[in-house]
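Input: a single structure, listed below in structure tokens.
The values are calculated or read from the model by the stated rules, or taken from the named source; none is laboratory data. Quantities reported herein were computed from a predicted structural model and do not represent experimental measurements. When we count neighbours, we look across all protein chains shown, and the Cβ atoms used for this are built from the backbone with ideal geometry, even at glycine.
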Amino acid sequence: MYNIMKILITGGCGFIGTNLSLFLKKKGFKINTVDNFKRKGSKYNSKILRRNKIKNFNLNIANNTKFQKLPRFDLIIDCCAEAAVEVSKNEIDRVFNTNLVGTFNVLKKVKKDKSKIIFLSSSRVYSINHLNEIINKKVIKNELRTRNKIDENFNTSKPKSIYGFTKLASEMLIEEFGYAFKIKYLINRFGATSGPLQFGKQDQGFVSLWIWRHLTQKKISYIGYGGKGYQIRDVLHIKDLCDLIYLQIVNMDKIYNKTFNVGGGKKSYISLKNLTKICQNITGKKIDVFAQNSTSIYDIPYYISNNSKVERTYRWKPKNNIFDIVRDTYKWLETNKKNLKKYL
Ligand SMILES: NC(=O)c1ccc[n+]([C@@H]2O[C@H](COP(=O)([O-])OP(=O)(O)OC[C@H]3O[C@@H](n4cnc5c(N)ncnc54)[C@H](O)[C@@H]3O)[C@@H](O)[C@H]2O)c1
């Protein structure tokens, strides 16, 4: 079919990895995953993969000896990370090993096998100070009404969290391997992504967490920036992410060695406050909302992706808005509520 047939998805039992694995298998690719089930919920997802005849290699990506013994793949999609920004403050060694040494190991395998890599990077490569600067206090107080969108040239110097550092350092390493060893790569800097199979927690996967808390009638808190819930994020539907990665795979002979910002863009940016309203509407439930004033040094007030480059390159656009995302995630959580309880 294409030059790429056999694909390894690292972090393949996570939210994005599982969705991608199932989607790409349906498109006719042969899929394997690597995952050590560090994320609560990944065991649940691994059972779905097994039912779909997708084999997972249960190993730590930081273990290079074991990783290099895996069979050859035409493409590795690197979705493996400790994905929570706040965790990177407390578990520096694990985050460094999983997120950066992990990518290094993937690159060594890609080099040895003469294969290709698609890397899932993050909007958190951008400077926290600079993101804070584009929002003046007045704007955040009155909710966001700015047209500022962040493109690939936004400032990446200055602190961005240790998580953000591992992502940017991984990108730089990928570029060096591309340059020195002629490896074909693509880097996608995703903003928040959501949808079915996401196990939301306080510091990662906020849309899924918000819906689950409504569904189970537990409290939520607006944390930081005065505790008003005015922080803005753009959210991408996992279906739109899968469509894009498919386009990237089938075009990878022609389009490679590029970095893209990818987000929900204009269609689906939302403040936490408005997300609460949507959750109330869709679940029909109202829960207590608390306020926590203090802002984490890693929090950002605002992020909306400028998708121009990726849209122009692939003639791709997110099809789903924030209502679609909340509705589809809600359907999954509601339908599987009983079985999901122990993971959430
Ligand atoms: N979900 C988002 O909103 C978002 C946004 C931007 C970027 N990303 C990036 O996309 C990728 C996938 O994110 P996700 O939301 O699916 O996260 P996730 O936590 O659901 O998936 C990551 C998977 O990696 C596995 N893992 C963690 N450490 C490992 C290790 N040392 N060895 C092997 N497996 C390990 C976990 O068990 C988990 O299944 C990550 O690189 C993340 O940084 C995600």
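Candidates in the stretch 13-45 are the residues that are charged (D, E, K, R) and without any contact (Cβ under 8 Å) to a residue 40 or more places away in the chain; of these, the one that is farthest from the ligand (Cβ to nearest atom) is 30.
Within the option set 316, 332, being within 19 Å of the chain's Cα centre (by Cα) and under 30 Å from residue 178 (Cα atoms) holds for one residue only, 316. For the stretch 1-12, the candidate set comprises residues that are of a type outside the set (A, V, I, L, M, F, W, C) and touching a strand residue (DSSP E or B) at 6+ places or on another chain (Cβ under 8 Å); within that set, the residue that is farthest from the ligand (Cβ to nearest atom) is 6.
Taken over the stretch 61-103, the criterion of being among the polar types (S, T, N, Q), surrounded by 20 or more Cβ atoms within 10 Å (Cβ to Cβ) and either farther than 18 Å from residue 173 by Cα or over 20 Å from the mean Cα position of the chain (by Cα) (or both) is satisfied by 88 alone. Which one of 232, 245, 174, 183 is touching a strand residue (DSSP E or B) at 6+ places or on another chain (Cβ under 7 Å), hydrophobic (A, V, I, L, M, F, W, C) and at pLDDT below 95? When all the criteria are applied, what remains is 232. Contact map, the stretch 158-172: residues that are under 18 Å from residue 94 (Cβ atoms) and of a type in the set (Gly, Ala, Ser) paired with residues that are surrounded by 24 or more Cβ atoms within 10 Å (Cβ to Cβ) and at pLDDT below 95, Cβ distance under 6 Å, separation 6+ or inter-chain. Pairs shown: 161/88.
Quick grid of which residues meet (1) within 16 Å of the ligand (Cβ to nearest atom); (2) more than 30 Å from residue 5 (Cα to Cα):
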site	(1), (2)
156	yes, yes
167	yes, no
174	yes, no
179	no, no
186	yes, no
231	yes, yes
239	yes, no
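The criterion of at least 2 residues that are touching a helix residue (DSSP H, G or I) at 6+ places or on another chain (Cβ under 8 Å), within 18 Å of residue 244 (Cα to Cα) and aromatic (Phe, Trp, Tyr) is met by the following helices (runs of 4 or more DSSP H) wholly inside the stretch 1-118: 15-26.
Might you let me know whether the stretch 301-323 holds any residue that is among the charged types (D, E, K, R) and under 26 Å from residue 42 (Cα atoms)? Among the residues of the stretch 301-323, not one is among the charged types (D, E, K, R) and under 26 Å from residue 42 (Cα atoms), which makes the answer no.
Selection within the stretch 247-260: residues that are surrounded by 18 or more Cβ atoms within 10 Å (Cβ to Cβ) and not polar (S, T, N, Q). The member of this set that is farthest from residue 25 (Cα to Cα) is 260.
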